[in-house]
Amino acid sequence: MRDEDGREVRVAVIGGGVAGLAAALALRDRARAQGAPVTVTVFEKEPATGGNLRTLGRDGWQFEWGPNGFLDNEPATLRLVDRLGLRPRLLRSSDAARRRFLLVNGRLEEIPLSPGAFLGSRLLSTRGKLRMAGELLVPRRRDLGRAADEPATDETIDRFGERRLGREFADVMLDPMVKGVFGGEAKRLSLAAAFPRMVELERDHGGLFRAMIALGREKRRRGRRTDAGPTGVLHSFDGGMAVLVDALAAELDADPGAEIVRGADVAELVRGNDAWSVRWPGGERGGFAAVVDAAPAHAAAGHVRRLDTELAGALAGIPYAPMAVIALGYRRQDVAHDLNGFGLLVPGREKRNVLGVLWSSSIFPGLAPDGHVLLRAMAGGAGNPGVMALADRQLVDLVLGDLRGFMGLRGDPALVHIIRHERAIAQYVPGHLARLRAIEAAAARLGGLWFSGSAYRGIAVNACIKETETIAGRVLAALTGGGGGAEGAR
Ligand SMILES: Cc1cc2nc3c(=O)[nH]c(=O)nc-3n(C[C@H](O)[C@H](O)[C@H](O)COP(=O)(O)OP(=O)(O)OC[C@H]3O[C@@H](n4cnc5c(N)ncnc54)[C@H](O)[C@@H]3O)c2cc1C
C-alpha cells in the first residue's frame, strides 16, 4: 500500500511499553502478510523501552518493577510469545502458588477453591455464608448493560458484591481482590468496566452460582480437562517480565520497516491536512497516516490538548492509583511462616497499610539467593495515597510493622528495594465505558487516531496485548480503506 505519490504509508506509535511495542509489531506483521508497505515508528520517552515491564536484579535477587507475571489463558499473549520464539523461556509458577490467603481478624486464612470448601472455611461468619449461598435466589438485575452506559447508574464492584453475595462477602473477598488487582477501591470502580465477565455471567445465567453450575456442566459435557481452569496459571519468563518487552524491542530494532526513537518525550500530536506530526522537545517527525497513542492516558491527554480540549479532558479524567512496591529479602530462618503459597491480600477492614504481599520466591523459585526468600509487599493504592509521601525508612517500618506478627518475620531484611509508582494503575471509575465512547467518537472525528494501553479496556498485560491485535487490524483497515476511517478510529 502506498499513498497517492507511491510512498510508503507511515504509522506512529507513542509509548514503548508492552502495549505500544506489541501494537507496532502487530502492525508490521499484518502489513507484511498483506504485502502492504507500512512502516512503523515508536516514540518512547525513556532511554529504554518496556514501560512497567522491568526486571531488576542484584546479588542473586531478582524482582519486578511492575507486573510479576501473566495468566496463560489469553491466546493473544501466547501467540505473541510464540511469534517472538519465547516459548522455551516461559516460566510456569509453582503449584504451591495456587494457594492464596486472606488476612481475616489478624489471622491468615487460606482461600478455598470450591464453594463447598468455602462454606466450611473460617473466612465468613455463618450469617455471611448463608447470605452468600443465597446468591442463588437473588434475581437478575433487569437493567444490566444499559445501567453501565451512564455514570449515574453504572454499578460499582462493591454494590454488585453486596447485592448478589452480601455485605460481608464484599468486604472480606471483593475489597482485597480489587486492592490486589487495581490498587483500587471496590466502592469506587465500575464492575462493567473492570470485570465485564461478571456482568455477562449475571446477564447470561441469572447469577454467579448459576453460571458456575452451567459452565461446569458444559465443561463436563465437552469432556475438557485443564488444570489451568478459566482463570489460568501465572507465568513469567526465565529472566523475568523484561524478557518479553526486550524481545519485542529487539524484533522491531532488527526490522528495516520499523524504528524506535528512544528519549522522545512526545509533547504534542499535530494534525495536518493529510498527515500527523509528532513533536517532542528534541525534534519533530511528520508524514504519519495514522497514530496509535499507547502512552498512559494522562500523557495522551497532553498530546491532544491543542487539538481537542474535550478529548484531552476525557483522557485526563482517567484517574490512576499510586502504589509503592517494596521488595523484601529475608534469610529463610528469619521467616517463621512456611510461605507455601502465592501470598496474601488484606481487606480494608483489617486497618493495615499493606494491601498485600506476594511470596515471590515461592511463586517462581530462583528469585532469591540460596537460603533466602523474596517477598513483595504493596502499599498505598487509591484508598491510602498518603503512604507515598513517607520517607523510605518510614515506609519500610510501616510495612514491617504490619507483617511481622502474622508472617513471623525476625530481625532486619537482607534486601530492601522500594519502587514508587506515583501513577501505577488506571482506575475504571463509574462512567468509564461512557468515557471510552466519548474518546472513540472524538478520535474518530480527528481521523487516523487510536488510543491503546492499560488505561482503557483492561489493565492486565494480557488485555493490552489482546487489544493490540484488534487495533492493528483496525489501523490497517483504515489505511487500506477496508472499513476503517472514522468508524475505525478509537
Ligand atoms: C506495580 C504494578 C503491578 C502490576 N502487576 C501486574 C500483574 O501482575 N499482571 C498484569 O497483567 N499486569 C500488572 N500490572 C499492569 C501492567 O503493568 C500493565 O498492564 C502494563 O504495563 C501496561 O502497559 P502499557 O504499555 O499500556 O503502559 P506502560 O507500561 O505504562 O507503558 C507506557 C509507555 O509510554 C511511555 N510514555 C509515557 N509518556 C510518554 C510520552 N509523552 N511520549 C512517549 N512515550 C511516553 C512510558 O515511558 C512507557 O514506556 C501491574 C502494574 C503495576 C504498576
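Here are some notes:
- Shape category assigned to the range 80-197 from the gyration tensor of Cα positions, a/c cut at 1.5: oblate
- Degrees, to the nearest 10: 242-253 long Cα axis against longest axis of the chain: 10 degrees
- Nitroxide proxy distance, nm - points 7 Å out along Cα→Cβ at R197 and S121: 1.7 nm
- Extension gain (nm, one decimal) between A96 and V416, 0.36 nm per residue minus Cα-Cα: 112.7 nm
- Only helices enter the 222 nm calculation for the chain: every DSSP H run of n ≥ 4 contributes -39,500 (n - 2.57), and dividing by all residues gives -10500 deg cm²/dmol, rounded to 500.
- Size of charge dipole - the chain - debye, nearest 20, with Cβ of Lys, Arg +1 and Asp, Glu -1, no other charges: 1740 debye
- Look at M177, M378 and count the other Cβ atoms within 10 Å of each Cβ; fewest to most, that gives M177, M378.
- Just so you know, the Rg over Rh for the range 245-339 is 1.20, from Cα atoms, with Rh as the Kirkwood radius.
- Placing a pseudo-label 7 Å from each Cα along the Cα-to-Cβ vector at R221 and A389 gives an inter-label distance of 5.8 nm.
- Computed on the chain, with alpha-carbon pairs under 8 angstrom and 6+ residues apart, the relative contact order is 23 percent.
- Close amide-amide hydrogen proximity is noted between D293 and I14, W450, F451, S452, each under 5 Å apart and 5 or more residues distant or on a separate chain (H modeled in the peptide plane; Pro and chain starts excluded).
- Stokes-Einstein D for the range 29-137, Kirkwood Rh over Cα pairs, 37 °C, 0.692 mPa s (µm²/s): 169 µm²/s
- C-alpha long axis of helix 432-446 to longest principal axis of the chain, angle in °: 10 degrees
- Gap separating the Cα centres of the range 394-411 and the range 79-121, nearest whole Å: 24 Å
- Cα-based shape type of the range 256-407, given that a ≥ b ≥ c are square roots of the gyration tensor eigenvalues and the cut on a/c is 1.5: prolate
- Overall form of the chain per C-alpha gyration tensor (a/c, 1.5; a/b vs b/c): prolate
- Normalised contact order of the range 7-134, rounded percent, pairs of Cα under 8 Å and 6 or more residues apart: 15 percent
- For the range 124-222, the relative contact order is 31 percent, taking Cα pairs closer than 8 Å that sit 6 or more residues apart in sequence and dividing their mean separation by the residue count.
- Computed lengthening from L56 to A214, 0.36 nm per intervening residue step minus Cα-Cα distance: 52.5 nm
- Paramagnetic reach from E259 in the range 32-63 [backbone N under 14 Å; point 7 Å along Cα→Cβ]: 39-44
- Student exercise, the range 124-222 dipole from Lys, Arg, Asp, Glu Cβ charges, in Debye to nearest 20: 620 debye
- With the simple model of a label 7 Å out from the Cα in the direction of the Cβ, H298 to L144 spans 3.5 nm.
- Crossing angle, helix 208-222 versus the chain [Cα axis fit, 0-90 degrees, rounded to tens]: 70 degrees
- Applying both filters, DSSP loop and at most 11 other Cβ atoms within 10 Å, to the GluC sites (Glu not before Pro) of the range 1-102 gives E4.
- With neighbours defined as other Cβ atoms within 10 Å of a residue's Cβ, the residues D397, D158 order from fewest to most as D397, D158.
- Given charges at Cβ of Lys, Arg, Asp, Glu: the range 312-437 dipole, positive-most of P322, I363, V373: P322
- Remark: the D29-L136 segment gains 33.8 nm on full extension, using 0.36 nm per residue and subtracting the alpha carbon distance.
A short reminder: the numbers here are calculations on the coordinates, not readings from a lab. Predicted model only: the values in this text are computed from it and were never measured. FYI the Cβ positions are ideal-geometry reconstructions off the backbone, even for glycines, and counts take in every protein chain you see.
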